[in-house]
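K.L.:
If you scroll down you'll find the structure; I have some questions about it.
What follows is calculated from the coordinates using simple rules that are stated; it is not laboratory data. None of these values were measured; they are calculated from a predicted model. Here Cβ is always computed from backbone atoms with ideal geometry, including for glycine, and neighbour counts include all displayed protein chains.
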Amino acid sequence: MAMPPLQTQLEIIRSGTVEILPEGELEKKLARGIADNRPLRIKEGFDPTAPDIHLGHTVGLRKLKQFQDLGHQVVLIVGDYTGMVGDPSGRSTTRPRLTESEVRENAETYQRQFFKVLDRAKTEVRYNGEWFSKMSFIDIMHLASRITVARMLERDDFENRFRTGEPISIHEMFYPLMQAYDSVAMLADLEIGGTDQKFNLLTGRQIQGDYGVEPQVILTVPILAGTDGVQRMSKSTGNYIGIDEPPGEMLGKTMSIPDALIGAYFELVADVPVTRVVEVKRLLDSGRVNPRDLKLELAETLVRMYHGAEQAATAKAAFVRQFSERRAPADMETFVVRTASSTMRLAEIVHASALAESLSDAKRKIQQGGVRIDDVPHNDPQEMVSTAQPFVLNVGKRFFKRVEFVPLTAGGD
């Protein structure tokens with residue numbers, strides 16, 4: 001099948017990107033590929049530091065899918081060796097090192113999750129242990145000689161850590177070189193990464209040239225903010241939405257994102273027409289729509305993308321039932337309290353039921369109006385609650401438990 005014309009390809013590739021460097025080289029590579037009917041090799045790497053691929057990863061994966069649709073060859077690198085080093089990009093401290101078995105276990109789930117976005121038939125998946133496990137120490141020295149310490153310290157994260165006296169381990173400095181050598185091994189024409197990956201991607205161009213391989217073009221995509229609205233979406237910080245999470249959890253997490261992120265999420269991770277993205281941003285700016293309604297549309301779209309229309313409709317209905325109508329879920333957990341008293345302090349109940357991290361956290365949640373008993377607000381942490389009857393305890397928007405009291409008898413537990 002013939003590839004689309006050059007300008008059509010460039011228009012699609014440029015959409016949603018931050019930088020293409022050097023763009024002139026991309027045009028030459030594409031023109032040559034069209035003339036020779038030879039697909040470009042488009043590379044991106046993923047380190048399996050945790051089992052889940054999250055929405056932040058899909059920003060790059062969706063760009064890879066565009067390249068597939070244009071007729072190019074996508075190469076995914078599963079970093080079983082780089083994963084044991086840990087990417088220092090954007091880090092202020094050394095990452096904890098994972099064992100080989102931990103990385104391998106996480107990597108097993110990656111391939112299945114990749115193909116929720118990509119076309120399996122048009123994807124080449126490789127583990128970088130294929131080449132790194134065969135390197136001798138001389139090979140490693142040869143690779144390390146291709147870059148200076150001064151050049152490595154030009155990285156913002158390394159420079160900041162060096163200036164503040166934060167330790168930098170030698171093995172961390174190998175990460176950009178290892179990622180770069182992946183591009184050598186795969187003969188990559190273009191590599192995709194987040195904006196924080198720019199140093200690593202440019203190092204790939206340099207190392208490819210040193211090894212006699214035509215340098216890759218680099219393409220950076222935006223970094224998706226996590227559910228906290230502050231830090232980048234990350235498995236290590238826990239502010240992520242995994243694409244393999246249950247439908248209800250995915251929808252609930254999406255509904256928890258700050259309103260300020262709605263437009264970016266529609267643009268970067270949702271399968272909606274560009275015209276709808278523009279309309280969503282216009283509505284948000286106008287203030288004529290409740291952001292919650294747009295967020296629910298976004299959440300339903302994401303669940304539909306990864307779990308199907310039926311699951312999306314079910315998750316949406318459950319959310320509306322639970323939150324919009326303030327009704328407790330039918331399958332909520334039951335928490336049993338053993339007590340010899342006819343009453344118990346509210347803050348102690350909230351803490352004991354594991355709906356607050358500490359007694360002080362329970363008091364704060366109660367005082368902020370986030371605690372209800374049988375859908376009735378209770379704002380006094382010192383309130384003595386009757387233990388005569390079970391009730392539904394609701395903390396915040398998403399957490400419900402049925403609390404039952406079992407009397408303690410003398411001499412028993």
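K.L.:
Report, in debye and to the nearest 20, how large the dipole of the stretch 247-324 comes out about its Cα centre when Lys and Arg carry +1 and Asp and Glu carry -1 on their Cβ.
P.N.:
Values: 10 positive and 10 negative charges, 33 e Å.
Dipole magnitude for the stretch 247-324 comes out near 160 debye.
K.L.:
Nearest 500 deg cm²/dmol is fine: what mean residue ellipticity at 222 nm does the chain get from its DSSP H runs of n ≥ 4 alone, each adding -39,500 (n - 2.57), divided by its residue count? Write out the running numbers ahead of the final one.
P.N.:
Working: 18 runs with 186 residues, N = 413.
When only DSSP H runs of four or more count, the value is -13500 deg cm²/dmol.
K.L.:
GluC sites (Glu not before Pro), restricted to the stretch 342-402: which are DSSP loop and have at most 11 other Cβ atoms within 10 Å? Spell out each step's value before the answer.
P.N.:
Details: sites: 348, 357, 383; in loops: 357, 383.
Those that pass, being in a loop and sparsely packed, are 357.
K.L.:
How much net charge surrounds residue 205 when only the other residues with a Cβ under 14 Å from the Cβ of residue 205 are counted, with Lys and Arg +1 and Asp and Glu -1?
P.N.:
Within the 14 Å Cβ shell, the charges total -3.
K.L.:
For the stretch 333-407, state the semi-axes of the equivalent ellipsoid (square roots of 5 times the eigenvalues of the alpha-carbon gyration tensor), sorted largest first and rounded to whole angstrom. Mind showing how you got there, number by number?
P.N.:
Working: eigenvalues 61, 33, 25 Å².
So the three semi-axes of the stretch 333-407 are 17, 13, 11 Å.
K.L.:
Provide the FRET efficiency to the nearest 0.05 for the residue 380-residue 313 pair, computing r from the beta carbons and using R0 = 41 Å.
P.N.:
Numbers: r = 40 Å, r/R0 = 0.98.
It comes to 0.55.
K.L.:
Considering the Cα trace of the chain, what is its radius of gyration and what is Dmax, both in angstroms?
P.N.:
Rg and Dmax of the chain, Cα atoms, are 25.8, 89 Å.
K.L.:
Additional query: Please compute the length gained on full extension between residue 138 and residue 404, using 0.36 nm multiplied by the number of residues separating them and subtracting their Cα-Cα distance. It would help to have the intermediate numbers written out before the result.
P.N.:
Working: separation 266, 0.36 × 266 = 95.76 nm, distance 6.71 nm.
Contour length minus the Cα-Cα distance gives 89.0 nm.
K.L.:
Next question. Please compute the length gained on full extension between residue 358 and residue 8, using 0.36 nm multiplied by the number of residues separating them and subtracting their Cα-Cα distance. Don't skip to the answer; put the middle values down first.
P.N.:
On the way: separation 350, 0.36 × 350 = 126.00 nm, distance 5.70 nm.
Contour length minus the Cα-Cα distance gives 120.3 nm.
K.L.:
Which of the pairs 134/235; 63/116; 29/63; 316/363 have their Cα atoms more than 22 Å apart in this structure? Working shown, then result.
P.N.:
Details: 134/235 30 Å; 63/116 14 Å; 29/63 18 Å; 316/363 31 Å.
Checking Cα-Cα distances, 134/235; 316/363 exceed 22 Å.
K.L.:
Given Cα pairs under 8 Å that are at least 6 residues apart, what percent is the relative contact order of the stretch 6-221?
P.N.:
Working: 327 pairs, mean separation 59.2, N = 216.
The normalised contact order for the stretch 6-221 reaches 27 percent.
K.L.:
Now for a different question. Using the Cα centre of the stretch 151-193 as the reference point, and only Cβ charges (+1 on K/R, -1 on D/E), how large is the resulting charge dipole? Debye, rounded to the nearest 20.
P.N.:
Working: 4 positive and 9 negative charges, 38 e Å.
Charge dipole, the stretch 151-193, about its Cα centre: 180 debye, nearest 20.
K.L.:
Mind checking the dipole of the chain: about its Cα centre, +1 per Lys or Arg Cβ, -1 per Asp or Glu Cβ, Debye to the nearest 20?
P.N.:
Values: 51 positive and 57 negative charges, 112 e Å.
In debye, rounded to 20, the chain gives about 540.
K.L.:
How high is the relative contact order of the chain, given as a whole-number percent (alpha carbon pairs under 8 Å, six or more residues apart)? Can you show the working numbers first?
P.N.:
Details: 660 pairs, mean separation 55.9, N = 413.
Reported as a whole number, the value is 14 percent.
K.L.:
Give a quick list of chymotrypsin sites (Phe, Trp or Tyr not before Pro) in the stretch 343-413 that DSSP marks as loop, anything other than H, G, I, E or B, with at most 12 other Cβ atoms within 10 Å. Walk me through the numbers before you get to the answer.
P.N.:
On the way: sites: 391, 399, 400, 405; in loops: none.
Loop-located and lightly packed - none at all.
K.L.:
Just to be sure I follow: if Rg is taken over the C-alpha atoms of the stretch 211-292 and Rh is the Kirkwood radius over the same atoms, what is Rg/Rh? Don't skip to the end; give the middle numbers.
P.N.:
Values: Rg = 16.1 Å, Rh = 14.8 Å.
Rg/Rh: 1.09.
K.L.:
Further, regarding this structure: Mind giving me the FRET efficiency for residue 38 and residue 282? R0 is 60 Å, r the Cβ-Cβ distance, nearest 0.05 is fine. Don't skip to the answer; put the middle values down first.
P.N.:
Numbers: r = 42 Å, r/R0 = 0.70.
Here the calculated transfer efficiency is 0.90.
K.L.:
Identify which of 104, 398, 372 has the largest mean-square fluctuation in a Gaussian network model of the chain, with springs joining Cα atoms closer than 10 Å.
P.N.:
Result: 372 has the largest fluctuation of those listed.
K.L.:
So what's the net charge close to residue 128: Lys and Arg +1, Asp and Glu -1, counting the other residues with Cβ under 10 Å from its Cβ?
P.N.:
Taking every other residue near residue 128 into account, the sum is -3.
K.L.:
Right, here's the next one. Stretched out fully, how many nm does the piece from residue 149 to residue 333 gain, at 0.36 nm a residue minus the Cα gap? The partial results should precede the final answer.
P.N.:
Values: separation 184, 0.36 × 184 = 66.24 nm, distance 5.52 nm.
Contour length minus Cα-Cα distance gives 60.7 nm.
K.L.:
Still on this structure, I have one more. If I build a Gaussian network model for the chain, linking alpha-carbon pairs within less than 10 angstrom, which residue out of 32, 321, 288 has the largest mean-square fluctuation?
P.N.:
288
K.L.:
With 27 Å as the cut-off, how large is the P(r) tail for the stretch 6-221, expressed as percent of Cα-Cα pairs?
P.N.:
Percent of Cα pairs beyond 27 Å in the stretch 6-221: 30.
K.L.:
In whole Å, largest first, what are the principal axis extents of the Cα atoms in the stretch 247-324?
P.N.:
30, 24, 15
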